[in-house]
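Since the structure comes first, as C-alpha cells, the remarks are kept for the end.
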Amino acid sequence: MSISENLKKIKGGIPEEVTLVAVSKTKPIETVLEAYEAGQRIFGENKIQEMTHKWEVLPKDIEWHMIGHVQRNKVKYMAEFVSLVHGVDSFRLLTEINKQAKKHNRTIRCLLQMHIAEESTKFGLDEKELAEILDSEAFQELRHVEVVGLMGMATFTEDAEQVRKEFAHLKNVFDQVQLKLPKISELSMGMSGDYTIAIEEGSTMVRIGSSIFGARNYH
C-alpha cells in the first residue's frame with residue numbers, strides 16, 4: 001500500500017479527536033512530501049538536526065513535533081519553529097526550552113514525559129518528580145513554555161494486557177494532573193504497535209511511523 005493509502009486507513013480507524021503524528025524520522029524529504037500531499041500536516045522527529053533540516057526545506061504549514069529524547073544543548077536549534085516537544089523529562093530541560101523560546105519571543109508547547117514502562121532504558125519522570133515540578137514556584141514563573149499534557153511509552157512487549165495496564169496508569173496520572181492544571185488536554189501515548197490500545201485507554205495523540213511509511217531506514 002502507498003503512503004496515502006496507509007494514512008487514509010489509519011485516519012479512518014482512529015477517532016476524529018485523536019491527533020495523528022506521522023513519525024518521519026530517518027525518512028527522506030520526498031517521503032515526507034508524499035505524506036504532506038496526502039493531507040498530513042503534523043510530523044514527528046527524534047533528532048533535532050534532522051528535524052531542522054526538514055523544517056528548512058519543507059512547506060511552512062507543517063507542525064513539527066520533537067518526539068525523541070532532547071539534549072539541552074540542542075534546544076536552541078529548534079526553538080524558532082518547533083510546535084510541540086513530547087519528551088520533557090526534567091525541570092532543567094523545561095527551563096532551557098523556556099529560555100530559548102524567549103529569545104524568539106514565542107511560547108513552546110510541551111508534554112512532560114512520564115516513565116511508565118518496565119524497561120529502565122526509557123526516559124521519564126516518576127509521579128513524585130512530576131508533583132515536585134508542578135508544585136514549584138519556579139514552574140509557575142516560566143512564561144515561554146506551556147505544559148499542555150503528558151506523554152509516555154509502554155513497555156515493548158507482546159503482552160497486550162501489560163501495555164493496557166501501563167496506559168491506564170498514565171491516564172490516571174493525567175486525570176490527577178488535570179485537577180491541578182485544568183488547561184492540560186493532551187495525552188500522547190501509542191505508537192504503530194499499540195496505538196489502538198492507547199486510544200481505548202484515553203490517548204489524544206498517537207505517534208505512528210512504520211504503519212504509515214513502512215520499516216525504518218537506519219543509515
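The values are calculated or read from the model by the stated rules, or taken from the named source; none is laboratory data. Please read all numbers here as calculations on a predicted model, not as lab measurements. All Cβ positions, even for glycine, are placed from backbone atoms using ideal geometry, and neighbour counts span all protein chains on display. These accessible areas exclude ligands, DNA and RNA; they are computed on the full protein's heavy atoms, side chains included. Shrake-Rupley method; radii C 1.70, N 1.55, O 1.52, S 1.80 Å.
Ordering SER203, SER185, SER136 by accessible surface, largest first, gives SER185, SER136, SER203; the 1.4 Å probe counts only protein heavy atoms, with every chain in place. Checking the cross-link pairs LYS128/LYS171; LYS27/LYS74; LYS54/LYS180 against a 27 Å limit on the alpha carbon distance flags LYS54/LYS180 as lying beyond it.
Scaled against 2.2 N^0.38 Å for its residue count N, the alpha carbon radius of gyration of segment 13-64 is 1.12. Here's the list of aspartates and glutamates a cross-link from LYS122 could span, going by alpha-carbon distance under 15 Å and ignoring same-chain residues fewer than 8 apart: ASP89, GLU166. Loop-located trypsin sites (Lys or Arg not before Pro) in segment 102-147 (DSSP state other than H, G, I, E, B) with a sparse environment of at most 16 neighbouring Cβ atoms within 10 Å: ARG106, ARG143. Structure remark: mean-square fluctuation, Gaussian network model of the chain, C-alpha springs under 10 Å; the largest value among ALA38, ALA138, ALA168 belongs to ALA138. Taking GluC sites (Glu not before Pro) across segment 1-84, the ones in a DSSP loop with at most 12 further Cβ atoms lying within 10 angstrom of their Cβ are GLU16, GLU17.
With an a/c value of 1.5 or above and a/b not larger than b/c for the gyration tensor axes a ≥ b ≥ c computed over the alpha-carbon atoms, segment 71-219 is described as oblate. Calculated accessible area for the chain comes out at 51 Å² per residue, all protein chains present (probe 1.4 Å; ligands, DNA, RNA ignored). Taking every DSSP helix (H) stretch of at least 4 residues in the chain, weighting each as -39,500 (n - 2.57) and dividing the sum by the residue count yields a mean residue ellipticity at 222 nm of -12000 deg cm²/dmol. Annotation: aspartates and glutamates with alpha-carbon distance below 18 angstrom to LYS165 (same-chain offsets under eight excluded): GLU118, GLU119, ASP126, GLU127, ASP175, ASP194, GLU200, GLU201.
Could you list the GluC sites (Glu not before Pro) in segment 134-215 that lie in coil according to DSSP, counting only those with at most 16 other Cβ atoms within 10 Å of their Cβ? Loop-located and lightly packed - GLU141, GLU158. Computed over segment 156-204, relative contact order equals 40 percent, with contacts defined as Cα pairs under 8 Å that lie 6+ residues apart.
Carbon-plus-sulfur accessible fraction, segment 103-219 (probe radius 1.4 Å, protein heavy atoms only): 50%. Here THR19 sits with roughly 40 square angstrom of accessible surface, probe radius 1.4 Å.
Each Lys and Arg adds +1 at its Cβ and each Asp and Glu adds -1 at its Cβ; summed about the Cα centre, the chain shows a dipole of about 860 debye.
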